[in-house]
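Novice: The following block contains the structure, expressed as structure tokens.
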Amino acid sequence: MSSERTGPENPEWKLDRASFVVVANRLPVDRVEAPDGTADWRPSPGGLVTAFDPIMHKRRGAWVGWHGAADEELEPFEDDELALIPVPLSSAEVANYYEGFSNATLWPLYHDAIATPQFHREWWDTYVTVNKRFADRTAEIAGEGAVVWVQDYHLQLVPRLLRRQRPDLRIGFFLHIPFPPRELFVQLPWRQQILEGLLGADLVGFQLPGGAQNFVQLVRQRLSLETSRDRIRMPDGREVLARAYPIAIDARSFNQLAATDEAAERAEQIRHDLGDPRVLFLGVDRLDYTKGILERIQAFGELVAEGRIDPDDAVLLQLAIPSRQRVEQYRQLRDEIDRLVGRVNGESPRIGRPPIVYLHVSYPRVEMAAFYRAADIMVVTPLRDGMNLVAKEYVACRQQDDGALVLSEFTGAARELRQAYSINPHDIDGLKDRLVEAMNDSPQNKARRMRVMRRQVVENDIYKWANMFLDDLERLTQKPEASQVAG
Ligand code: ADP
Ligand code: F6P
């Protein structure tokens, strides 16, 4: 993200009606308070922004989203050549719509109910209000016939609300997190409204085919709509397509970043700062209970305690950016991880660098590439994850085809990265064995696995992903005259 924000102060800049609009809960930049009390900006956390930043720079669209601060109205502005359209949220809306319904109802429900979803009617009411505001703002700024691409579980009502106001728009929706099994989804008191909300889109995209199938079956069973494979016939004559588009990364850019002298020097420095271990294990996550961070630390700690990993020889570096810190389950998790890391490190007889180094810092992308380049074994252990871009980023940065990826079978990425050392994070003994196997495997075996995965990640990058989705959307929404001419 450019540090030269032109922002609302740029007197030259004026908002045009956009022909390509992305609508997401967050803008790519977050407004935060600097240490001296002034307002500052930083890149927003998470996979959605990583994925959409390169697409938006290529397509030059407008991005509608919340700017991360409560009770603050901002004018549209330009940042790093993108038109950003802030949607304001009050403190109560942050509590009810973002922390509440999005992250304490939908997030756990859609992630296998790993944590217990909470159902509160006032959270739902605010979710409806905020979805309306996003739809209204988008309807104001989208040009005639524009492509509008709505993102993720925060905004599942927007497609329908938007279509009511602007039937001329071509509307796509993509869900970045898993779509749950039907038995879980039907627990939601507002299941019908959510299904109808999504059906306002022409194309509804999911990470995996299973998610798309669950959605189509629910629509058939609960809304009695006629379906045929991945197509849904709407009462107004429209046809909605529901299909899987596994999301990707800008692999070439990660590859190039990792190849820079800067990344090489930083990678060396990182290893040196960690005491030049023979084996560097790396974990990189938002601090979220879906990511299996406790299981990973538990497994590593037991291997150290049992003498199967020598802490003089190996270290686990865990980077975890704090996330959703006002949601109770996230606070609890942070405390539990602190305690577990403290226990593992406290029980190690090693003086000096502890077996686990645990950092909460958010790093620029080149620094992330340096961490990936430095790591011998990337440990990705989610209990459930829609995709997991970190796994793909690691692979993209391994130019020498060395290194090893230990990957949970419960991530979307596991369907594509089949040469990873696959694990079930609930099975701590199995996880331990795989960590040791990855550590001791021959360089030839590692290279064979990595080569295949690198090809997969480079060939299926984020640009191809966006083109596939948008080409399908274009085809679905072609006006009859246009298709006749084309035919
Ligand atoms: P999620 O979207 O659930 O957070 P993903 O693995 O799909 O999970 O995406 C996480 C993104 O956040 C990746 O692009 C990763 O590089 C980035 N990231 C994770 N930890 C850090 C960190 N400490 N500093 C900077 N970026 C980070
Ligand atoms: O898809 C997962 C997601 O919710 C994304 O929308 C976002 O990239 C990431 O997690 C970060 O979460 P939050 O916006 O709540 O900090």
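Novice: Excluding same-chain residues fewer than 8 positions from residue 291, which lysines have a Cα within less than 21 Å of its Cα?
Specialist: The qualifying lysines are 392, 432.
Novice: Say the dipole of the chain comes from +1 at the beta carbon of Lys and Arg and -1 at that of Asp and Glu; which of 211, 39, 460 then lies farthest toward its positive end?
Specialist: Positive-most Cα among the choices belongs to 211.
Novice: How are the C-alpha pair distances of the range 226-369 spread across 5 Å bins, as whole percents from the shortest bin up?
Specialist: Histogram of Cα-Cα distances, whole percents per bin: 2, 8, 14, 15, 14, 13, 10, 7, 5, 4, 4, 3, 1, 0, 0.
Novice: About the Cα centre of the range 113-221, how large is the charge dipole given +1 on each Lys and Arg Cβ and -1 on each Asp and Glu Cβ? Please answer in debye to the nearest 20.
Specialist: With only Lys, Arg, Asp and Glu charged at Cβ, the dipole is about 160 debye.
Novice: Another question about this same structure. Rounded to the nearest 500 deg cm²/dmol, what is the calculated helix-only ellipticity per residue at 222 nm for the chain, with -39500 (n - 2.57) per DSSP H run of length n ≥ 4?
Specialist: One gets -12500 deg cm²/dmol as the mean residue ellipticity at 222 nm.
Novice: Step through the residues of the range 101-107 one at a time and calculate ³J(HN,Hα) from phi using the Karplus curve (6.51 cos²θ - 1.76 cosθ + 1.60, θ = phi - 60°), rounding each to whole Hz and writing x for Gly and Pro.
Specialist: Coupling constants for the range 101-107: 4, 5, 10, 10, 10, 5, 4 Hz.
Novice: If I fit a long axis through the Cα atoms of helix 261-273 and take the longest principal axis of the Cα atoms of the chain, what angle between them do I get, 0 to 90°, rounded to 10?
Specialist: 50 degrees
Novice: Could I have the simple spin-label model distance between residue 192 and residue 325, label points 7 Å from Cα toward Cβ, reported in nm to one decimal?
Specialist: Each label point is offset 7 Å from its Cα along the Cβ direction, giving 4.2 nm.
Novice: Just tell me which lysines come within less than 29 Å, Cα to Cα, of residue 479; anything on the same chain fewer than 8 places away is out.
Specialist: Partners found: 58, 132, 464.
Novice: Whose amide H sits under 5 Å from the amide H of residue 30, counting only residues 5 or more places off or on another chain, with H placed in the peptide plane?
Specialist: 42, 44
Novice: Kirkwood Rh over Cα pairs of the range 191-309 into Stokes-Einstein at 10 °C, 1.306 mPa s: D in µm²/s?
Specialist: 83 µm²/s
Novice: Between the alpha-carbon centers of the range 410-485 and the range 30-102, tell me the distance in whole angstrom.
Specialist: Here the answer is 28 Å between Cα centres.
Novice: If eta is 0.890 mPa s and T is 25 °C, what Stokes-Einstein diffusion coefficient results for the range 303-411, Kirkwood Rh from Cα pairs, in µm²/s?
Specialist: On the way: Rh = 15.7 Å.
It comes out at roughly 156 µm²/s.
Novice: Each residue of the range 87-95 in turn: what ³J(HN,Hα) in whole Hz from Karplus with 6.51, -1.76, 1.60 and θ = phi - 60°, glycine and Pro shown as x?
Specialist: 10, x, 10, 7, 4, 5, 5, 4, 5
Novice: For the range 387-487, which chymotrypsin sites (Phe, Trp or Tyr not before Pro) pass both filters: DSSP loop (anything but H, G, I, E, B) and at most 16 other C-beta atoms within 10 Å?
Specialist: When the chymotrypsin sites (Phe, Trp or Tyr not before Pro) of the range 387-487 are filtered for loop state and at most 16 Cβ neighbours within 10 Å, nothing remains.
Novice: For the range 110-244, report the % of Cα-Cα distances exceeding 24 Å.
Specialist: Tail fraction, whole percent: 26.
Novice: Quick check for me: using +1 on Lys/Arg Cβ and -1 on Asp/Glu Cβ, what's the dipole size of the range 258-384 about its Cα centre, in debye to the nearest 20? Write down the numbers at each step before the final one.
Specialist: On the way: 18 positive and 21 negative charges, 108 e Å.
Dipole about the Cα centre, nearest 20: 520 debye.
Novice: Taking Rh as the Kirkwood radius, which is the inverse of the mean 1/r over Cα pairs, what is the Rg/Rh value for the chain?
Specialist: Across the chain, the Cα-based Rg/Rh ratio is 0.97.
Novice: Length gain on complete extension for the stretch residue 306 to residue 467, per 0.36 nm per residue less the alpha carbon to alpha carbon distance?
Specialist: 53.0 nm
Novice: Here's a follow-up. State the antiparallel share, in %, of DSSP beta bridges confined to the chain, rounding to the nearest 5.
Specialist: On the way: 14 of 61 bridges.
Among the beta bridges of the chain, antiparallel pairing accounts for roughly 25 percent.
Novice: Also, quick follow-up: Normalised by the empirical 2.2 N^0.38 Å for globular proteins, what value does the Cα Rg of the range 211-272 take? Please report the intermediate quantities before stating the final value.
Specialist: Details: Rg = 22.9 Å, N = 62, 2.2 N^0.38 = 10.6 Å.
After normalising by residue count via 2.2 N^0.38 Å, the value is 2.17.
Novice: Using a Förster distance of 22 angstrom, determine the FRET efficiency expected from the C-beta separation of residue 366 and residue 69, and round it to 0.05.
Specialist: Once rounded, the FRET efficiency stands at 0.25.
Novice: Another question, then. Just to confirm my numbers, what's the Cα centroid distance between the range 190-238 and the range 335-382 in Å?
Specialist: The range 190-238 and the range 335-382 have Cα centres separated by 42 Å.
Every read-out reported here was derived from the displayed coordinates using simple, explicitly stated rules and does not represent laboratory data. These figures come from a predicted structure and were not determined experimentally. Glycine gets a Cβ as well: all are built from the backbone with ideal geometry, and neighbour counts include every protein chain shown.
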